[in-house]
Amino acid sequence: MMKFKDMPYERIDFVQVKEQLKKLMKKLEEAGSGEEQFAVHKEFYKLNDRVQTQVTLCSIRHTIDTTDEFYEKEQNYYDEQVPEYSNLCVEYQKRLFASPYRDVLEEKIGPVAFKNMEIAMKSVSEEVIPLMQEENALVTEYEKLLASAKIDWEGETLNLSLLTPYLKSKDPEVRRRAAQKQNAFFDSIADKLDELYDKLVKNRTEQAKTLGFETYTPLGYLRMQRNCYGRKEIENLRRQVKEVWVPFAEELFEKRRERLGLEHMTYTDEQVYGPEGNPQPEGTPEEILAAGQEMYEELSPETKEFFDFMMENELLDVFGRKTKAVGGYMTYLPDYKAPFIFANFNGTSGDVDVMTHECGHAFQGYLAAEDPIREHADIGMETAEIHSMSMEFFTEPWYHLFFGKEKTADYTGMHLEDAVIFVPYGCMVDEFQHEVYDHPEMTPQQRKEVWKKLEKEYKPHMDYAGLDFFERGCFWQKQHHIYSFPLYYIDYVIAQLCAFEYKIWMDKDRRGAWESYLKLCRISASEFHTDLLQQSGIESPFKDGNCGEFKRNCLKSFGQKDICLCAKNTNARILPETVDKTS
Ligand code: ZN
């Protein structure tokens, strides 16, 4: 293994790569047995891993120094070349899919991979490519519109993410003023937001019709690679959440109101955990990273090995620097079997999320790296987020390393509370999108009415207290996923409920829960989601009655350990915000 900075970079020559790929397709067609075809397929893995590794190296180096002109040029080159290469890979897959030796191949690569190939073929065609390009352009326009925010704050100019700390200020007046600024910004772009979404809905519907679907929803499911459950299961999950989980979350909002000492809680208060505000970690960015190392060393031999590997090979670039791109991500370099974590630590609890959540994704990548079948790394988001959200719970006993004696209980409580509260919100975002794509002819105004109705069902306590943009039923317009990643959101809900199961399990039997988690991570995507849950001993959140069961166990589990901050209400507790789900 080698350090990240020593990994050699060489521009991929796509003319040559395409030649190689065509040769492989020919070899695949000429092969006389499944064994021979599998040997060709292993050559394909090698080629594709090399391409992925170089493209990823380039994109990491571009984001860790956006002023580096060399990697900027390389990045532009890949932005242009990669789509064509991807199309050719699909052509290759089609030949694999149509193999006369399917049985032998399926034995080796697994049925999930073949199901995913089938799904990929059904969800794209030449005819919809112009529409997909237009869709991308609309999404980019939306992202740019939000990024353009210039909010005047006491003489300073802030963008939306820099405004966030003020929205969560412990001072009710400050957060109210920040929310008014936010409301005014969204109000100023309201027509544009309506127009973009209307175009997106019509575009997606047209893509669906062109591909032979009645509405966008079934196509969206395929594009989310939902290969083992469908609309019926998701509707059943949402129904249970409405019945059981909404009242649960409402109880927690009520506790939050009491904790904040408010007569009445409005939108501007509910993102704040207590009168002292939201707990922040104590140390410097360097100390947070060191605390992470100590935590993973103690957590298990597997996590120690993983974290040592990340540190020795300098695979964590987490300290904020002016020349770095914003945000954070976890990615993977296949040739080195190496995960990579990018972040911008800034001394907030978001830094801790990187250590507990993103490291969960990276740990899974590290654990599953020895699997030679590359399709097994093609993990659905509902599964991938179990890896990370469960790690947030497995690391709970070490929160004090980040938050110190005084604030650990607050952070633990907030983390739990936020996780419970998230579930109804996640379902609301999902149900909204189903309504929208079922009725693509709705006007922007009708869509807002749908949202208002859903808010009454999923967040009945909600009071925007005069923030008129939000009062008009527009809150969803600031939720990126609705524009950028259609029908994605429910994956977080599924994963969160599974992570709760691990929480409940570890409170009773930490060793058993950890063994199951390792198993789940190692299965990766070699089994269908529903099967891998079963094999790991986790109940499916789709099953009737399970939501209620989770809730009862959550309450019991919280009560038993008495980690709840409200001494008088020992029957409930809650959780934090993960890095990527709400922004
Ligand atoms: Zn994640």
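The values are calculated or read from the model by the stated rules, or taken from the named source; none is laboratory data. Every value quoted in this text rests on a predicted model; they were computed, and no experiment measured them. Reconstructed Cβ throughout: ideal geometry from the backbone, glycine too, with neighbour counts over all protein chains shown. Keep in mind that these areas ignore ligands, DNA and RNA; they rest on the heavy atoms of the full protein, side chains included. Shrake-Rupley method; radii C 1.70, N 1.55, O 1.52, S 1.80 Å.
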Report the gain in length on full extension from ARG231 to GLN180: 0.36 nm times residue separation, minus Cα-Cα distance, nm rounded to one decimal. 14.6 nm
Per residue, what accessible area does the chain have, given a 1.4 Å probe and all protein chains present, in Å²? 43
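Report the per residue volume, in Å³, of the convex hull enclosing the C-alpha atoms of the stretch 266-393.
It is 145 Å³ per residue.
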Tell me the label-point distance for the pair GLU254, ASN136, using the 7 Å Cα-to-Cβ offset, in nm and rounded to one decimal. 5.0
Non-local amide H neighbours of LEU158 (under 5 Å, H modeled in plane, Pro and chain starts lacking H): which ones? ILE151, ASP152, TRP153
In terms of the alpha carbon gyration tensor, root eigenvalues a ≥ b ≥ c, rounded if a/c is under 1.5 and otherwise prolate when a/b exceeds b/c or oblate, the stretch 403-524 is oblate
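Have a look at the DSSP beta bridges in the chain and tell me what percent are antiparallel, nearest 5. Before the final figure, lay out the partial values.
Details: 8 of 12 bridges.
About 65 percent, rounded to the nearest 5.
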Nitroxide proxy distance, nm - points 7 Å out along Cα→Cβ at LYS170 and MET311: 3.2
Phi-based couplings in Hz for the stretch 92-101 (Karplus 6.51, -1.76, 1.60; Gly and Pro marked x): 4, 4, 4, 5, 5, 5, 8, 4, x, 9
Would you mind checking which residues have amide H under 5 Å from VAL272's amide H? H placed 1.01 Å from N; only 5 or more apart, or other chain. none
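Pairs LYS170/LYS478; LYS232/LYS543; LYS150/LYS181: which are spaced more than 19 Å apart, C-alpha to C-alpha? Working shown, then result.
Details: LYS170/LYS478 23 Å; LYS232/LYS543 11 Å; LYS150/LYS181 10 Å.
Flagged as over cut-off: LYS170/LYS478.
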Using alpha carbons only, how many angstrom separate the centre of the stretch 396-439 from the centre of the stretch 219-271? 10
Amide H to amide H under 5 Å from VAL318: which residues, 5+ apart in sequence or cross-chain, H placed 1.01 Å off N in plane? ALA343
Whole percent per 20 Å bin, from 0 to the bin with the longest distance: what is P(r) over all C-alpha pairs of the chain? 19, 56, 25, 1
From the helices alone, meaning DSSP H stretches of at least four residues, give me the mean residue ellipticity at 222 nm for the chain, per-run term -39500 (n - 2.57), in deg cm²/dmol to the nearest 500. -21000 deg cm²/dmol
With +1 on the Cβ of every Lys and Arg and -1 on the Cβ of every Asp and Glu, the dipole magnitude of the chain about its Cα centre, in debye rounded to the nearest 20, is 760
Using the beta-carbon distance between MET121 and TYR45 and R0 = 30 Å, what value does 1/(1 + (r/R0)^6) give for FRET efficiency, to the nearest 0.05? 0.90
Spelling out what I want: for every residue of the stretch 246-260, take phi, set θ = phi - 60°, compute 6.51 cos²θ - 1.76 cosθ + 1.60 (Karplus), and round to whole Hz; glycine and proline get x. 4, x, 4, 5, 4, 4, 5, 4, 4, 5, 4, 4, 4, 4, 6
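Estimate the FRET efficiency between ALA465 and LYS199 by the formula 1/(1 + (r/R0)^6), using the beta-carbon distance for r and 22 Å for R0, to the nearest 0.05. Mind showing how you got there, number by number?
Details: r = 32 Å, r/R0 = 1.46.
It comes out at approximately 0.10.
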Working out 0.36 nm times the residue gap between ASP103 and ASP438, then minus their Cα-Cα distance, what length gain in nm do you get to one decimal? 116.8 nm
If you roll a 1.4 angstrom probe over the protein chains with everything in place, what fraction of the accessible area of the chain belongs to carbon and sulfur, to the nearest %? 50
Loop-resident GluC sites (Glu not before Pro) in the stretch 374-466 with no more than 16 other Cβ atoms inside 10 Å, DSSP not H/G/I/E/B, are GLU441
What are the ³J(HN,Hα) couplings of the stretch 184-194, residue after residue, when phi is run through the Karplus curve with 6.51, -1.76, 1.60 and θ = phi - 60°? Round to Hz, x for glycine and proline. 5, 4, 5, 4, 6, 10, 4, 5, 5, 4, 4
